[in-house]
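The structure appears right after this line, and notes come after that.
The values are calculated or read from the model by the stated rules, or taken from the named source; none is laboratory data. It should be emphasised that the depicted structure is a prediction, and the values quoted were computed from it without experimental measurement. Every residue, glycine among them, receives a Cβ derived from its backbone with ideal geometry; neighbour counts consider all protein chains shown. When the accessible area is computed, the model is the full protein with side chains, heavy atoms only, and any ligands, DNA or RNA have been set aside. Shrake-Rupley method; radii C 1.70, N 1.55, O 1.52, S 1.80 Å.
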Amino acid sequence: MNSKKFTIIFLLLFVLISIFTYLLYYVVNPEQLFISSVTKYKYFYTKAYSRKQFETLKTQKSILVFGTSQTHMISSKMAKRDVLNFHNLYAEPGDILNFLKQLNNEQLKKIGSIVFLIDLRAGAIRVDTNLIDYNRSNIPILTFNGIKRIFLDFKKNYYKDPKFLNEDGSINSTNHHGHIKSISPYRNKAILKYDNRLIKGLVEINNYLKNKNIE
(Lines give C-alpha, C1' and ligand atoms only; values in the text may rest on other atoms or scores of the structure.)
Protein backbone atom coordinates (compact mmCIF):
# COMPACT_ATOMS: atom_id res chain seq x y z
CA MET A 1 0.00 0.00 0.00
CA ASN A 2 1.54 3.29 -1.07
CA SER A 3 1.62 6.30 1.21
CA LYS A 4 -1.01 8.23 -0.77
CA LYS A 5 -3.55 5.41 -0.53
CA PHE A 6 -2.78 4.94 3.15
CA THR A 7 -3.30 8.66 3.79
CA ILE A 8 -6.67 8.65 1.99
CA ILE A 9 -7.89 5.60 3.93
CA PHE A 10 -6.67 7.10 7.20
CA LEU A 11 -8.43 10.42 6.55
CA LEU A 12 -11.62 8.64 5.50
CA LEU A 13 -11.64 6.55 8.67
CA PHE A 14 -10.92 9.63 10.75
CA VAL A 15 -13.87 11.50 9.20
CA LEU A 16 -16.23 8.53 9.63
CA ILE A 17 -15.20 7.99 13.26
CA SER A 18 -15.56 11.72 13.97
CA ILE A 19 -19.06 11.82 12.46
CA PHE A 20 -20.10 8.72 14.37
CA THR A 21 -18.73 10.09 17.66
CA TYR A 22 -20.53 13.42 17.25
CA LEU A 23 -23.78 11.65 16.39
CA LEU A 24 -23.35 9.57 19.55
CA TYR A 25 -22.71 12.77 21.52
CA TYR A 26 -25.88 14.23 20.03
CA VAL A 27 -28.19 11.29 20.78
CA VAL A 28 -26.77 10.71 24.29
CA ASN A 29 -26.77 14.45 25.02
CA PRO A 30 -24.70 14.13 28.23
CA GLU A 31 -24.70 17.88 28.97
CA GLN A 32 -28.37 18.59 28.14
CA LEU A 33 -27.47 20.85 25.23
CA PHE A 34 -29.89 19.24 22.78
CA ILE A 35 -33.62 18.54 22.86
CA SER A 36 -33.72 14.85 23.76
CA SER A 37 -31.57 11.90 24.76
CA VAL A 38 -31.53 8.11 24.56
CA THR A 39 -30.70 7.98 28.28
CA LYS A 40 -33.11 9.08 31.00
CA TYR A 41 -30.93 10.99 33.48
CA LYS A 42 -28.24 13.64 32.98
CA TYR A 43 -25.22 14.08 35.24
CA PHE A 44 -23.15 16.89 33.77
CA TYR A 45 -23.75 20.55 33.16
CA THR A 46 -21.86 23.47 31.72
CA LYS A 47 -22.79 27.11 31.61
CA ALA A 48 -23.95 26.44 28.05
CA TYR A 49 -27.06 24.86 29.59
CA SER A 50 -28.18 28.41 30.34
CA ARG A 51 -28.99 28.61 26.61
CA LYS A 52 -31.92 26.25 27.18
CA GLN A 53 -32.96 28.23 30.24
CA PHE A 54 -32.81 31.39 28.15
CA GLU A 55 -35.28 29.79 25.72
CA THR A 56 -37.52 28.59 28.57
CA LEU A 57 -37.97 32.18 29.73
CA LYS A 58 -39.67 32.96 26.42
CA THR A 59 -42.69 30.87 27.42
CA GLN A 60 -42.52 30.19 31.16
CA LYS A 61 -42.65 32.62 34.07
CA SER A 62 -40.03 31.54 36.59
CA ILE A 63 -38.07 32.36 39.72
CA LEU A 64 -34.40 32.67 38.80
CA VAL A 65 -31.86 31.25 41.25
CA PHE A 66 -28.23 32.34 40.94
CA GLY A 67 -25.47 31.02 43.15
CA THR A 68 -22.90 28.30 43.69
CA SER A 69 -23.37 24.63 44.52
CA GLN A 70 -25.00 25.75 47.79
CA THR A 71 -28.11 26.60 45.75
CA HIS A 72 -28.04 23.54 43.52
CA MET A 73 -31.00 21.77 45.16
CA ILE A 74 -33.46 24.68 44.91
CA SER A 75 -35.94 23.25 42.43
CA SER A 76 -39.42 23.80 41.07
CA LYS A 77 -40.58 20.86 43.17
CA MET A 78 -39.17 22.40 46.35
CA ALA A 79 -40.51 25.90 45.66
CA LYS A 80 -43.81 24.61 44.27
CA ARG A 81 -43.37 27.20 41.55
CA ASP A 82 -41.46 27.21 38.28
CA VAL A 83 -37.77 27.73 39.01
CA LEU A 84 -34.74 28.06 36.76
CA ASN A 85 -31.58 27.23 38.70
CA PHE A 86 -28.44 28.87 37.30
CA HIS A 87 -25.76 27.38 39.54
CA ASN A 88 -24.21 26.41 36.19
CA LEU A 89 -23.10 30.07 35.96
CA TYR A 90 -21.54 29.73 39.41
CA ALA A 91 -22.44 33.19 40.75
CA GLU A 92 -20.02 34.82 38.30
CA PRO A 93 -21.30 38.42 37.96
CA GLY A 94 -20.01 38.78 34.41
CA ASP A 95 -21.88 35.71 33.16
CA ILE A 96 -25.05 36.58 35.06
CA LEU A 97 -25.20 40.18 33.88
CA ASN A 98 -24.46 38.99 30.34
CA PHE A 99 -27.46 36.64 30.57
CA LEU A 100 -29.82 39.24 32.02
CA LYS A 101 -28.92 41.98 29.52
CA GLN A 102 -29.74 39.73 26.57
CA LEU A 103 -33.29 39.02 27.75
CA ASN A 104 -35.91 40.89 25.75
CA ASN A 105 -38.80 42.74 27.39
CA GLU A 106 -41.15 39.76 27.16
CA GLN A 107 -38.60 37.51 28.84
CA LEU A 108 -37.96 40.08 31.57
CA LYS A 109 -41.70 40.14 32.30
CA LYS A 110 -41.55 36.40 32.91
CA ILE A 111 -39.10 36.77 35.79
CA GLY A 112 -41.17 36.30 38.94
CA SER A 113 -38.27 37.17 41.25
CA ILE A 114 -34.55 36.52 41.61
CA VAL A 115 -32.70 34.69 44.38
CA PHE A 116 -28.94 35.31 44.54
CA LEU A 117 -26.68 33.51 47.01
CA ILE A 118 -23.34 35.09 47.89
CA ASP A 119 -21.15 32.15 48.91
CA LEU A 120 -18.04 33.10 50.89
CA ARG A 121 -16.63 29.57 50.66
CA ALA A 122 -16.89 29.07 46.93
CA GLY A 123 -14.27 28.05 44.42
CA ALA A 124 -12.28 31.07 43.29
CA ILE A 125 -13.45 32.89 40.17
CA ARG A 126 -11.36 34.77 37.69
CA VAL A 127 -12.70 37.08 34.98
CA ASP A 128 -14.61 35.00 32.48
CA THR A 129 -14.06 36.35 29.00
CA ASN A 130 -15.92 33.54 27.22
CA LEU A 131 -19.37 35.13 27.35
CA ILE A 132 -22.32 33.47 25.64
CA ASP A 133 -24.26 35.15 22.84
CA TYR A 134 -27.76 33.85 23.65
CA ASN A 135 -29.33 35.28 20.51
CA ARG A 136 -26.97 33.46 18.21
CA SER A 137 -27.17 29.73 17.50
CA ASN A 138 -24.22 27.63 18.49
CA ILE A 139 -23.03 24.13 17.62
CA PRO A 140 -21.16 22.66 20.61
CA ILE A 141 -17.58 21.67 19.93
CA LEU A 142 -16.92 18.07 20.90
CA THR A 143 -13.88 17.81 23.17
CA PHE A 144 -12.11 14.81 24.68
CA ASN A 145 -13.95 15.48 27.95
CA GLY A 146 -17.22 15.52 26.04
CA ILE A 147 -16.42 12.08 24.67
CA LYS A 148 -15.68 10.80 28.18
CA ARG A 149 -19.03 12.14 29.39
CA ILE A 150 -20.84 10.06 26.78
CA PHE A 151 -19.61 6.86 28.39
CA LEU A 152 -20.00 8.21 31.93
CA ASP A 153 -23.60 9.08 31.06
CA PHE A 154 -24.25 5.49 30.04
CA LYS A 155 -22.48 4.19 33.15
CA LYS A 156 -24.36 6.41 35.61
CA ASN A 157 -27.70 5.62 33.98
CA TYR A 158 -26.94 1.89 34.07
CA TYR A 159 -26.09 1.97 37.79
CA LYS A 160 -28.91 4.46 38.51
CA ASP A 161 -26.76 7.09 40.21
CA PRO A 162 -29.20 8.95 42.55
CA LYS A 163 -27.68 12.39 41.91
CA PHE A 164 -28.85 13.77 38.59
CA LEU A 165 -29.86 17.04 36.99
CA ASN A 166 -33.45 18.18 36.73
CA GLU A 167 -34.62 20.05 33.65
CA ASP A 168 -34.85 23.30 35.62
CA GLY A 169 -31.08 23.13 36.29
CA SER A 170 -31.34 21.96 39.91
CA ILE A 171 -29.90 18.72 41.24
CA ASN A 172 -32.07 15.84 42.37
CA SER A 173 -30.43 14.02 45.26
CA THR A 174 -31.53 12.11 48.36
CA ASN A 175 -28.34 13.36 50.02
CA HIS A 176 -28.16 17.11 50.58
CA HIS A 177 -24.35 16.85 50.39
CA GLY A 178 -24.58 15.28 46.96
CA HIS A 179 -22.91 17.45 44.37
CA ILE A 180 -22.56 17.01 40.65
CA LYS A 181 -19.21 18.06 39.28
CA SER A 182 -19.33 21.46 37.67
CA ILE A 183 -17.70 21.84 34.29
CA SER A 184 -16.55 25.41 34.54
CA PRO A 185 -13.81 27.41 32.78
CA TYR A 186 -13.08 29.76 35.68
CA ARG A 187 -12.91 27.76 38.91
CA ASN A 188 -9.89 26.51 40.83
CA LYS A 189 -9.10 25.22 44.31
CA ALA A 190 -8.50 28.58 45.95
CA ILE A 191 -11.05 30.29 48.19
CA LEU A 192 -13.19 33.00 46.65
CA LYS A 193 -12.38 36.52 47.76
CA TYR A 194 -14.93 39.18 47.01
CA ASP A 195 -12.55 41.73 45.55
CA ASN A 196 -13.52 45.06 44.02
CA ARG A 197 -14.32 43.46 40.67
CA LEU A 198 -16.79 40.97 42.12
CA ILE A 199 -18.42 43.54 44.41
CA LYS A 200 -18.72 45.98 41.52
CA GLY A 201 -20.30 43.24 39.42
CA LEU A 202 -22.87 42.48 42.12
CA VAL A 203 -23.75 46.17 42.44
CA GLU A 204 -24.13 46.44 38.67
CA ILE A 205 -26.50 43.44 38.63
CA ASN A 206 -28.55 44.94 41.48
CA ASN A 207 -28.81 48.33 39.75
CA TYR A 208 -29.79 46.72 36.45
CA LEU A 209 -32.58 44.73 38.10
CA LYS A 210 -33.81 47.80 39.97
CA ASN A 211 -34.05 49.71 36.69
CA LYS A 212 -36.13 46.85 35.28
CA ASN A 213 -38.33 46.74 38.42
CA ILE A 214 -37.33 43.16 39.18
CA GLU A 215 -37.01 42.05 42.79
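Per-structure values
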{"quantity": "Long pairs among Lys42/Lys155; Lys80/Lys160; Lys42/Lys80; Lys61/Lys109; Lys40/Lys156, criterion Cα-Cα beyond 18 Å", "calculated": "Lys80/Lys160; Lys42/Lys80"}
{"quantity": "Per residue accessible area of segment 20-84, 1.4 Å probe, in Å²", "calculated": "48 Å²"}
{"quantity": "Modelled label reach - Thr59, point 7 Å along Cα→Cβ, segment 19-45 residues with backbone N closer than 14 Å", "calculated": "35-36"}
{"quantity": "Those residues of segment 77-102 whose amide nitrogen sits under 18 Å from the label point placed on Ile118, 7 Å along Cα→Cβ", "calculated": "90-97"}
{"quantity": "Accessible surface, 1.4 Å probe, highest first, among residues Asp168, Asp82", "calculated": "Asp82, Asp168"}
{"quantity": "Percent accessible area from carbon and sulfur atoms, segment 14-72, protein chains only, probe 1.4 Å", "calculated": "67 percent"}
{"quantity": "Cα-Cα P(r), segment 1-111, percent of pairs per 10 Å interval", "calculated": "12, 33, 26, 13, 9, 6, 1"}
{"quantity": "Range of Cα positions in segment 1-50 per principal axis (Å), largest first", "calculated": "49, 21, 15"}
{"quantity": "By accessible area with a 1.4 Å probe, ligands and nucleic acids excluded, highest first: order of Glu215, Glu92, Glu106", "calculated": "Glu215, Glu106, Glu92"}
{"quantity": "R0 of 30 Å, Cβ-Cβ distance Tyr158-Lys80: FRET efficiency to nearest 0.05", "calculated": "0.40"}
{"quantity": "Dimensions in Å of segment 39-101 - Rg and Dmax from alpha carbons", "calculated": "11.6, 34"}
{"quantity": "Separation of the Gln102 and Leu24 label points, Cα + 7 Å toward Cβ, nm", "calculated": "3.0 nm"}
